[in-house]
Amino acid sequence: MSVIITVAPTGPIASKADSPHLPTQPEEIAEHVARAHAAGAAVAHLHFRDAQDRPTADLTIARRTMEAIAERCPILIQLSTGVGLTVPFEEREALVELAPQMATLNPCTMSFADGEFRNPPADVRRLAERMRELGVKPELEVYDTGHLDACLRLRDAGLLEGPLQFSIVLGVNGGMSATAENLMTMVRRLPQDAIWQVIAIGRANLELTAIGLALGGNCRAGLEDTLYLRKGELARDNSDLVERARRLATDLDRPVASVDEARVLLGLG
Ligand code: KMH
Ligand code: ZN
């Protein structure tokens, strides 16, 4: 089965002080995404920053970034509705009005690093409903087993249509830790027809990405998840991390999906 590689170029947490290579402004992000697409990424998971590099759900910035990417490559767009810890849910959910092919749906409120990541049940249900109306495919970000159960309840309530698409997120302080055992526990609990990828934050990124690929999952690569290519060496570009994911997949004898193949595999029509 082909591997869908998602590039996550920016995220909501790191700053240019953490790595001068982090793209934060529309044109920078578009340049990184274009190089990541050339390296094998079929999906771009996008967070936006304002002029002061703070996480934002500003629709003008989002539109400008999406247009700058579309001018450069045909990569599929997955908007983060997680956005950032300090952004109100009402602003976060408005991003799906831009009708991207995909957007994330975070099913549960949780501690997240030193902050609180608010996803009240009624807000999550409203967002899931709106995504269904707009035909935006939810990418379900699960940080623990209870989050997976919450997604299955949304499905049973008719708010999510299968096959469900999951990101198993490991290594966030507040979610499950980044261990192979936790990954296996989650993979075993997924619905049979689920599409899934591993998102491993920090130093376990490479190992757990490799295990996820070996288990038949897709993968995510990018500076949102790790700023380092290897211990003590900052990744100079998102494409370096995508190249590494591509090598892992190829060495595991799994072809890397093109954008068109990814569109079919993800049921995007
Ligand atoms: N906003 C972060 C706290 C997502 O991309 O939807 C988590 C996040 C998940 O960004
Ligand atoms: Zn994200």
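Structure notes:
- Under a 5 Å amide H cut-off, with hydrogens placed 1.01 Å from N, Asn218 pairs with Trp196, Gln197, Val198 among residues at least 5 apart or on other chains.
- ³J(HN,Hα) computed for each position of the stretch 68-76 - Karplus, 6.51 cos²θ - 1.76 cosθ + 1.60, integer Hz, glycine/proline x: 4, 5, 4, 5, 9, 6, x, 4, 6
- Dipole check for the stretch 158-259: with +1 at the C-beta of Lys and Arg, -1 at the C-beta of Asp and Glu, and the Cα centre as origin, the magnitude is about 180 Debye.
- Ranked by the mean number of other Cβ atoms within 10 Å per residue, highest first, peptides 33-44, 105-116 order as 33-44, 105-116.
- Hz values of 3J(HN,Hα) by residue in the stretch 172-184 - Karplus curve (6.51, -1.76, 1.60), Gly and Pro given as x: 7, 5, x, x, 6, 6, 8, 10, 4, 5, 5, 4, 4
- Ranking Ala44, His32, Phe166 by Cα position along the charge dipole of the stretch 5-265, where only Lys, Arg, Asp and Glu carry charges on their C-beta atoms, puts Phe166 farthest toward the positive end.
- At an R0 of 41 angstrom, the distance between the Cβ atoms of Glu233 and Glu161 translates into a FRET efficiency of 0.45.
- Taking the Cα centre of the stretch 5-265 as origin and assigning +1 to Lys and Arg Cβ atoms and -1 to Asp and Glu Cβ atoms, the resulting dipole is close to 340 debye.
- Per residue, the solvent-accessible area of the stretch 119-269 (1.4 Å probe, heavy atoms of protein chains only, all protein chains present) comes to 46 Å².
- Normalised contact order of the stretch 1-95, rounded percent, pairs of Cα under 8 Å and 6 or more residues apart: 31
- Close amide H contacts of Leu105 (hydrogens built in the peptide plane, cut-off under 5 Å, sequence separation of 5 or more or a different chain): Glu139, Leu140, Glu141.
- Residue-wise HN-Hα coupling along the stretch 48-63, computed from phi with Karplus coefficients 6.51, -1.76, 1.60 (Hz; x: Gly, Pro): 10, 10, 7, 5, 9, 6, 8, x, 8, 10, 4, 6, 5, 5, 4, 4
- For Leu46, the residues whose amide H sits under 5 Å from its own are Gln78, Leu79, Ser80, ignoring neighbours fewer than 5 places away on the same chain, with H placed 1.01 Å from N.
- Relative contact order of the chain, defined on C-alpha pairs under 8 angstrom at six or more residues apart (%): 23
- The stretch 5-265 - percent of accessible surface contributed by carbon and sulfur, probe 1.4 Å: 50
- Charge-dipole axis of the chain as Lys and Arg at +1 and Asp and Glu at -1 on Cβ define it, positive-most pick from Pro74, Val136, Ala214: Ala214
- Taking the Cα centre of the stretch 78-208 as reference, the dipole from Cβ charges on Lys and Arg (+1) and Asp and Glu (-1) amounts to some 200 debye.
- Cα gyration tensor category, rounded, prolate or oblate, for the stretch 5-265 with a/c compared to 1.5: rounded
- FRET efficiency estimate (nearest 0.05) - Cβ-Cβ, Arg247 to Arg153, R0 30 angstrom: 0.20
The values are calculated or read from the model by the stated rules, or taken from the named source; none is laboratory data. This is a predicted model, so every value here is computed, not measured. Cβ: placed from backbone, ideal geometry, glycine included. Neighbour counts: every protein chain shown. Note: accessible area is taken over every heavy atom of the protein model, side chains too, but ligands, DNA and RNA are not part of it. Shrake-Rupley method; radii C 1.70, N 1.55, O 1.52, S 1.80 Å.
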